[in-house]
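To start, the structure itself, in structure tokens.
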Amino acid sequence: MALSAITLAWLDHLAEHGVIPPGPVLELGPQDIIAARHVVDEFLSRRLGMPAAGEAMDRIYGTSPVDRPQTEIYKSLGLDEYVAVDFGDERAEVQHDLNEPLDLGRKFSAVTNFGTAEHIFEVTAVLRSQYRHLAVGGVALMVLPTFGEINHGFYNLHPTLWTDLAVANNMEIGDLQYVDDVVGRSVKLDEEGTCQLDFDTMPIKPLNGQYGNFRLTVAINFLRNTGLHMQSAPPGKLPQYVLDCCMVALRRTADSPEELRVPQQAIYAPPQARAAAANIRPVR
């Protein structure tokens with residue numbers, strides 16, 4: 001679980017569009033920062049300006065770094081109070097098995113789920129706990145595998161889950177990105193030293209229809225990325241493996257239910273639900 005260059009690029013993208021409200025943040029699984037230092041520097045400079053970014057960099061990389069440097073990332077987004085939940089990670093204030101329901105008795109402006117849910121057998125319990133802790137107007141932030149991450153965890157989670165979840169629970173989609181070749185893109189950002197990425201250039205558009213040709217488009221794009229990595233691999237070395245992720249921001253609204261409703265996949269749902277899922281668009 002980590003804040004890579006591509007994740008910082010997405011958080012910067014969300015911040016630019018005002019998707020993340022200020023306030024406390026709940027993190028499901030404490031994150032490590034693995035983005036290159038100059039990418040982190042640019043991210044903090046964009047969000048905080050100078051000299052605040054320099055002070056934050058010193059708290060992350062200085063001679064006496066803070067125990068949880070990821071909090072500096074969240075603070076730069078206006079998320080000024082941090083609580084983490086995990087089972088066995090000593091950095092988490094709350095020690096809890098996320099297979100079991102979680103109720104801290106309070107709400108948060110953002111609840112992150114960055115590479116956590118796929119490792120939890122009771123994946124619906126994670127999503128319910130994430131939703132339960134969202135304040136009205138708060139956003140659930142997910143970066144989770146959707147294709148190609150074989151045996152990394154128990155599950156890949158598909159784009160249809162996020163649109164159907166939004167429709168079933170009267171949530172707004174703040175953003176939904178299908179990011180192909182996540183590792184390759186993150187490595188490129190590290191090499192270029194930037195956290196800026198035009199997400200409108202992503203080749204896979206999950207809201208332009210998720211069935212039929214969409215499946216073939218994903219498969220062809222995956223094979224293309226695999227071929228590119230095979231061509232660039234040094235002689236005798238295995239190429240970089242390819243994995244695709246969805247990056248999702250779902251906002252709880254005043255019309256959202258108290259507890260998470262289980263969605264029916266739109267392709268099998270009545271016409272009204274199918275139409276609602278097909279017409280959903282990001283609010284940004």
Once the mean 1/r over all distinct Cα pairs of the range 1-102 is inverted, what Kirkwood radius in angstroms do you read off? 14.2
Per residue Cα convex hull volume for the range 3-52, in cubic angstrom? 96
Multiplying the sequence separation of residue 264 and residue 64 by 0.36 nm and subtracting their Cα-Cα distance, what value in nm do you get? 67.0 nm
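If packing is taken as the average count of other Cβ atoms within 10 Å, what order do 168-181, 13-26 fall into, highest mean first?
168-181, 13-26
Take peptides 111-122, 137-148, 217-228 and line them up by average Cβ neighbours within 10 Å, highest first, as a rough protection proxy.
Result, highest mean Cβ count within 10 Å first: 137-148, 111-122, 217-228.
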Taking H placed 1.01 Å from N in the peptide plane, check which residues at least 5 places from residue 112 or on another chain put their amide H under 5 Å from its amide H. 26, 27, 28, 141
Tell me the mean residue ellipticity at 222 nm calculated for the chain from its helices only (DSSP H runs of n ≥ 4, each -39500 (n - 2.57), averaged over every residue, nearest 500). -11000 deg cm²/dmol
Return one quarter of the surface area of the convex hull spanned by the alpha-carbon atoms of the chain, equal to its mean projected area, in nm². 15.6
Would you mind getting the accessible area per residue of the range 144-284, heavy atoms of the protein chains only, 1.4 Å probe, in Å²? 54
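The values are calculated or read from the model by the stated rules, or taken from the named source; none is laboratory data. In this text the structure is predicted, and so the values were computed from the model without any measurement. When we count neighbours, we look across all protein chains shown, and the Cβ atoms used for this are built from the backbone with ideal geometry, even at glycine. Just so you know, the surface numbers come from the protein's heavy atoms only, side chains and all, with ligands and any DNA or RNA stripped out. Shrake-Rupley method; radii C 1.70, N 1.55, O 1.52, S 1.80 Å.
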